[in-house]
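Note sheet for the following structure.
The values are calculated or read from the model by the stated rules, or taken from the named source; none is laboratory data. This structure is a prediction, so every number in the text was calculated from the model and none was measured. Positions of Cβ are generated from backbone atoms using ideal geometry, with glycine treated the same way; all protein chains shown enter the neighbour counts.
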Amino acid sequence: MGDIPQIAPLLPPLLAAVRRGDDVGPVLDELDVALVRAGVEGGLGGTAGRGFAPLAGVRGHPLEEAWMCPAEQCARAALVLDHPDQPECAVHRRALRRVRLPS
């Protein structure tokens with residue numbers, strides 16, 4: 001991992017912009033570039049998949065649910081399976097909402 005200190009100064013302005021409901025695009029662009037420079041493959045886009053597959057011999061599809069932003073302002077998600085207790089959003093200080101993910 002590269003130089004993380006270049007990322008830290010971008011977080012307070014991002015948090016303030018989200019709380020005010022401002023356009024966060026420019027700050028997210030800067031953060032994306034900083035993450036790539038720090039060695040985070042894919043920047044904000046990331047590269048990890050969910051990795052769930054149907055069970056052998058079972059018809060249908062896996063059910064996935066996630067805790068998501070209560071204000072519908074970000075795409076961050078925490079799988080319910082990994083976090084059974086309803087977490088709180090650190091940005092909006094409200095409970096995350098439970099969402100069934102499309103399969």
Practice task
Among what's in the range 1-15 and is assigned to a helix (DSSP H, G or I) and surrounded by 13 or more Cβ atoms within 10 Å (Cβ to Cβ), pick the residue that is modelled with the lowest pLDDT.
Solution key: 6
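Every residue in the range 31-69 that is at pLDDT below 60 and either under 22 Å from residue 14 (Cβ atoms) or polar (S, T, N, Q) (or both), please. So that I can check it myself, show each step before the final result.
First, the residues of the range 31-69 that are at pLDDT below 60: 47-55, 58-62.
Passing the criteria: 47, 48.
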Fill in the blank from the handout: residue 93 vs (1) under 12 Å from residue 19 (Cα atoms); (2) assigned to a strand (DSSP E or B): all pass except (2)
Handout entry: Output for the range 62-82, where each listed residue is in a strand (DSSP E or B) and among the aliphatic types (A, V, I, L, M)
Key = 66, 68, 77, 78, 79
